[in-house]
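A short write-up of the structure that comes next.
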Amino acid sequence: MNQYKVLFVGPVASGKTTAVRSLCGDNIITTSKKTSDEVSSIKNDTTVSLDYGVLQLGDLKMHIYAAPGQERFSFMHDILVKGSIGAILLLSMQHIKIEEVGQILYEYLQVIEKNPCVIGVTQTENFDVNQIELFLNAISEYHPSLSDTIVVDVRKKHDVLKLVEKMVVKANER
Ligand SMILES: Nc1nc2c(ncn2[C@@H]2O[C@H](COP(=O)(O)OP(=O)(O)O)[C@@H](O)[C@H]2O)c(=O)[nH]1
Ligand SMILES: [Mg+2]
């Protein structure tokens, strides 16, 4: 059986746990802790976590991981990305201002430059097409090589699968 590992990364509340759950169902492992630091203003009653689940696609077994979102755990990206076909970076329009896109991408530079990477822009419902377009442009401006960016609703399995497919295609291009 073919086995692949895929890693989701992204800031807190970008939709990583939701994406893993959408793909793998409720049978996922998530190590969580009450938020107590700078994150509690964004996610008061929720968790910071490392998630893991399995997605069976026919003969293909995908091991899906999500890294913790807080910056102080960024050292884990390098560890978690080992053995994976690449990383899927989630960026939430609800939580990231357009002026912050460059800074955020810089924080993920290590993981996105060393590995095949696709980007999912999440939580776009409260924005119109022009705002979304500007956000996508901002991403491609800072990282032209990361033009593999799509808008997704990570609550929908179909959308998350599209990201995973893109990831697999991108990984095979190398
Ligand atoms: N409205 C909306 N909510 C979303 C979307 N994606 C995730 N969420 C919600 O955003 C919150 C944070 O998502 P979560 O997966 O916990 O983020 P994580 O910190 O990256 O793991 C959850 O309450 C999700 O249900 C989206 O596309 N639209
Ligand atoms: Mg999470």
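The values are calculated or read from the model by the stated rules, or taken from the named source; none is laboratory data. All of these numbers come straight from a predicted model, not from anything done at the bench. Cβ placement follows ideal geometry from the backbone for every residue including glycine, while neighbour counts extend to all protein chains displayed. Heavy atoms of the whole protein, side chains included, go into the accessibility calculation; ligands, DNA and RNA do not. Shrake-Rupley method; radii C 1.70, N 1.55, O 1.52, S 1.80 Å.
The single residue among 19, 66 that is within 9 Å of ligand 1 (Cβ to nearest atom), at pLDDT 80 or above, within 28 Å of residue 170 (Cα to Cα) and touching a Ser or Thr at 6+ places or on another chain (Cβ under 7 Å) turns out to be 66. You will find that of 105, 90, the residue that is more than 21 Å from residue 30 (Cβ to Cβ), in contact (Cβ under 8 Å) with a residue 24 or more places away in the chain, open to solvent by less than 10 Å² (accessible area, probe 1.4 Å) and aliphatic (A, V, I, L, M) is 105 and no other. So residue 160 fits all but one of (1) surrounded by fewer than 19 Cβ atoms within 10 Å (Cβ to Cβ); (2) in a helix (DSSP H, G or I); what number is the exception? Every condition holds for residue 160 apart from (1).
For region 123-143, how many residues meet the condition of being more than 16 Å from ligand 2 (Cβ to nearest atom) and open to solvent by less than 90 Å² (accessible area, probe 1.4 Å)?
So the answer is 12.
Residue 7 meets all of the listed conditions (1) modelled with pLDDT of 90 or more; (2) within 10 Å of ligand 2 (Cβ to nearest atom) but one, namely (2).
Close contacts from region 146-174, counting a first residue that is within 22 Å of residue 113 (Cα to Cα) and among the acidic types (Asp, Glu) and a second that is open to solvent by less than 60 Å² (accessible area, probe 1.4 Å) and in a loop (DSSP other than H, G, I, E, B), with Cβ to Cβ under 9 Å and a gap of 6+ residues or different chains, come to 148/116; 173/116.
Among the residues in region 125-147, are any within 16 Å of ligand 1 (Cβ to nearest atom) and under 18 Å from residue 21 (Cα atoms)? Among the residues of region 125-147, not one is within 16 Å of ligand 1 (Cβ to nearest atom) and under 18 Å from residue 21 (Cα atoms), which makes the answer no.
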